[in-house]
1. At 1.4 Å probe size, with every protein chain present, just tell me what the per residue accessible area of the range 9-79 comes to in Å².
2. Gap in Å between the Cα centre of the range 57-82 and the Cα centre of the range 1-25?
3. Once the piece of chain linking Asp20 and Glu44 is laid out straight, how much longer is it, given 0.36 nm per residue of separation minus the C-alpha distance between them?
4. Roughly speaking, to the nearest percent, how much of the range 1-71's 1.4 Å accessible area is carbon and sulfur?
5. Starting from the Cα gyration tensor of the range 2-69, take the square roots of the eigenvalues, sort them a ≥ b ≥ c, and report rounded, prolate or oblate (rounded when a/c is under 1.5, otherwise prolate if a/b is larger than b/c, else oblate).
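The values are calculated or read from the model by the stated rules, or taken from the named source; none is laboratory data. These numbers were taken from a predicted model, which means no experiment stands behind them. We work out accessible area using only protein heavy atoms, side chains counted, and drop any ligands, DNA or RNA first. Shrake-Rupley method; radii C 1.70, N 1.55, O 1.52, S 1.80 Å.
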Amino acid sequence: MGMRIWYNENHPHAAAWLADLMRRGLLPQGDIDTRSIKDVKAKELEAYGQCHFFAGIGGWPLALALAGWDHKRPVWSGSCPCQPWSKIGKHAGHDD
(Lines give C-alpha, C1' and ligand atoms only; values in the text may rest on other atoms or scores of the structure.)
Protein backbone atom coordinates (compact mmCIF):
# COMPACT_ATOMS: atom_id res chain seq x y z
CA MET A 1 0.00 0.00 0.00
CA GLY A 2 1.29 3.47 -0.90
CA MET A 3 1.55 6.55 1.19
CA ARG A 4 -1.76 8.17 2.09
CA ILE A 5 -2.20 11.72 0.84
CA TRP A 6 -4.52 14.29 2.44
CA TYR A 7 -5.75 17.41 0.69
CA ASN A 8 -7.57 20.14 2.61
CA GLU A 9 -9.73 22.52 0.59
CA ASN A 10 -12.99 23.94 1.88
CA HIS A 11 -13.99 25.83 -1.28
CA PRO A 12 -16.46 23.52 -3.09
CA HIS A 13 -15.34 24.47 -6.61
CA ALA A 14 -11.64 23.96 -5.85
CA ALA A 15 -12.35 20.65 -4.04
CA ALA A 16 -14.30 19.42 -7.08
CA TRP A 17 -11.41 20.49 -9.32
CA LEU A 18 -8.97 18.50 -7.14
CA ALA A 19 -11.20 15.43 -7.42
CA ASP A 20 -11.35 15.81 -11.20
CA LEU A 21 -7.57 16.14 -11.48
CA MET A 22 -7.18 12.95 -9.43
CA ARG A 23 -9.73 11.11 -11.59
CA ARG A 24 -7.77 12.13 -14.68
CA GLY A 25 -4.48 10.94 -13.15
CA LEU A 26 -2.99 14.44 -13.03
CA LEU A 27 -2.61 14.48 -9.23
CA PRO A 28 -1.76 11.65 -6.86
CA GLN A 29 -4.81 9.94 -5.39
CA GLY A 30 -5.73 11.10 -1.93
CA ASP A 31 -8.48 12.07 0.47
CA ILE A 32 -10.04 15.50 0.08
CA ASP A 33 -11.14 17.02 3.38
CA THR A 34 -13.51 19.94 2.82
CA ARG A 35 -13.72 21.07 6.43
CA SER A 36 -12.39 24.36 7.68
CA ILE A 37 -8.77 24.05 8.74
CA LYS A 38 -9.93 25.14 12.21
CA ASP A 39 -11.83 21.85 12.54
CA VAL A 40 -8.92 19.55 11.63
CA LYS A 41 -7.21 17.83 14.56
CA ALA A 42 -3.54 16.84 14.46
CA LYS A 43 -4.41 13.27 15.49
CA GLU A 44 -6.47 12.91 12.26
CA LEU A 45 -3.38 13.49 10.15
CA GLU A 46 -1.19 10.80 11.70
CA ALA A 47 -2.22 8.27 9.03
CA TYR A 48 -1.00 10.51 6.20
CA GLY A 49 2.51 10.84 4.82
CA GLN A 50 1.63 13.88 2.75
CA CYS A 51 -0.64 16.70 3.83
CA HIS A 52 -1.53 19.62 1.57
CA PHE A 53 -3.21 22.40 3.53
CA PHE A 54 -5.27 24.96 1.57
CA ALA A 55 -4.69 22.72 -1.45
CA GLY A 56 -6.56 24.88 -3.96
CA ILE A 57 -6.37 23.11 -7.30
CA GLY A 58 -3.25 21.11 -6.44
CA GLY A 59 -0.44 23.58 -7.10
CA TRP A 60 1.90 22.12 -4.48
CA PRO A 61 1.60 18.48 -5.56
CA LEU A 62 2.21 19.62 -9.14
CA ALA A 63 5.20 21.78 -8.16
CA LEU A 64 6.67 18.93 -6.12
CA ALA A 65 6.29 16.55 -9.08
CA LEU A 66 7.95 19.06 -11.42
CA ALA A 67 10.81 19.38 -8.92
CA GLY A 68 11.28 15.60 -8.95
CA TRP A 69 9.79 14.96 -5.49
CA ASP A 70 8.43 11.42 -5.45
CA HIS A 71 4.77 11.46 -4.37
CA LYS A 72 5.58 8.53 -2.10
CA ARG A 73 7.92 10.66 0.05
CA PRO A 74 6.56 12.50 3.09
CA VAL A 75 5.90 16.21 2.85
CA TRP A 76 3.54 18.83 4.23
CA SER A 77 2.68 21.85 2.13
CA GLY A 78 0.45 24.83 2.65
CA SER A 79 -0.61 27.93 0.84
CA CYS A 80 -2.29 30.84 2.48
CA PRO A 81 -5.77 31.55 1.14
CA CYS A 82 -5.93 33.99 -1.76
CA GLN A 83 -6.90 37.19 0.03
CA PRO A 84 -8.95 38.70 -2.84
CA TRP A 85 -11.28 35.70 -2.71
CA SER A 86 -11.06 34.47 0.87
CA LYS A 87 -13.33 35.45 3.74
CA ILE A 88 -10.38 37.35 5.18
CA GLY A 89 -9.98 39.60 2.14
CA LYS A 90 -12.17 42.35 0.70
CA HIS A 91 -13.82 39.98 -1.85
CA ALA A 92 -12.72 42.32 -4.66
CA GLY A 93 -11.25 39.56 -6.83
CA HIS A 94 -8.81 40.86 -9.42
CA ASP A 95 -9.48 44.45 -8.27
CA ASP A 96 -8.15 43.74 -4.75
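1. 64
2. 12
3. Details: separation 24, 0.36 × 24 = 8.64 nm, distance 2.41 nm.
Between Asp20 and Glu44, full extension yields 6.2 nm more.
4. C and S fraction of accessible area: 60 percent.
5. oblate
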